[in-house]
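Structure, as structure tokens:
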Amino acid sequence: MKKMLKLILAMASSLIIILSDVDVQNIQVHADAVIPEEMTPLLKSKANQKIAYLTFDDGPSLNTMDILNILDRYHVKATFFVKGNEEPYAKSCYQEMISRGHSIALHSYTHDYSIVYRSTESFFQDLNRLETMLQEEYGIKSRIVRLPGGSNNRLRHQASTKPIINGILQQLKEKGYIYFDWSIDSTDGFSPSISEQQIISAVQKGTKNQKHVNILLHDINSMKNTVKALPDIIEFLKKEGYTFDTIDETTPKMQFN
């Protein structure tokens, strides 16, 4: 969709150049002109479309390749909020995310709350460590962030850590990052015992009367049921008329605060 919109803008620019050389007094505008049917979907506002953002936190994992293969099967792109993973298998996972056209965004290097939320400075040290690894080893730069646990996690409701979380959110904005939460929690991150059907049902219920849905899923070794539920989730969303997109700087913000 983004490529198609760029094409439209390019065509519009060309038309303006052509019209600049034409005697405007001799141009007749036909109010009843018919727009070709094949162009109609391109002219609809993105705000009026049903769009699903599949997001996977905490990868790469041993499940990453299975997730990527399922996404390929359905021709769907997703956004991966990744950690720093130094296991040998992880290198090919990062590379496959990139080569298959998915978006890689920032989660944290360690995902260790005792490190990440020790202080505002500690949060950015951990985040910058992830940024450095992604840029130096894979050529990836991103300003999209998802905080471990989200921006309204349990630590924000504790007197000792609330100022730290608030400081992180403020500095993210000042430093030019954009943080994203989610509108639908698939519940797959609660426990490996969460069933495939529970995950599917949570997504289905969350889409009710929603045009744009940002779905939280997890890419974790122990979450095998996420992989099992994914085909049904995608098929349901397609049946409900959703298209799929990845998160970038132009995506409407989904923030708890």
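The values are calculated or read from the model by the stated rules, or taken from the named source; none is laboratory data. Because the structure is predicted, anything quoted here is derived from the model rather than measured. Virtual Cβ from ideal backbone geometry, glycine too; neighbours counted across all protein chains shown. Surface areas here come from the heavy atoms of the whole protein model, side chains and all, with no ligands, DNA or RNA. Shrake-Rupley method; radii C 1.70, N 1.55, O 1.52, S 1.80 Å.
Working from label points 7 Å from Cα in the Cα-to-Cβ sense, the E174 to N152 distance is 2.5 nm.
Hey, which of these cross-link pairs are over 30 Å Cα-Cα: K162/K228; K83/K175; K175/K224; K208/K253; K77/K162?
On the way: K162/K228 37 Å; K83/K175 20 Å; K175/K224 36 Å; K208/K253 19 Å; K77/K162 35 Å.
With Cα atoms farther than 30 Å apart: K162/K228; K175/K224; K77/K162.
In this structure, R118 and D72 have a Cβ-Cβ separation that, at R0 = 41 Å, corresponds to a calculated FRET efficiency of about 0.55. Estimated from the Cβ-Cβ distance and a Förster radius of 45 angstrom, the FRET efficiency linking N166 and T243 is about 0.80.
One decimal place: the segment E136-K224 gains 28.6 nm when fully extended, by the rule 0.36 nm per residue minus the C-alpha distance. Once the chain from K50 to N209 is taken as fully extended at 0.36 nm per residue, the excess over their C-alpha distance is 56.2 nm. Contact order for the stretch 183-257, expressed relative to its length and based on alpha carbon pairs under 8 Å spaced 6+ residues apart, stands at 34 percent.
Charges were assigned to the Cβ only: +1 to each Lys and Arg, -1 to each Asp and Glu. The resulting dipole of the stretch 47-147 about its Cα centre is roughly 460 debye.
Computed from backbone phi, the HN-Hα couplings of the stretch 171-186 come to 6, 4, 5, 5, 8, x, 8, 10, 9, 10, 9, 8, 9, 10, 9, 5 Hz, rounded to whole numbers (Karplus: 6.51 cos²θ - 1.76 cosθ + 1.60, θ = phi - 60°; Gly and Pro given as x).
Counting protein heavy atoms only, the stretch 121-163 has 44 percent of its accessible area on carbon and sulfur, 1.4 angstrom probe.
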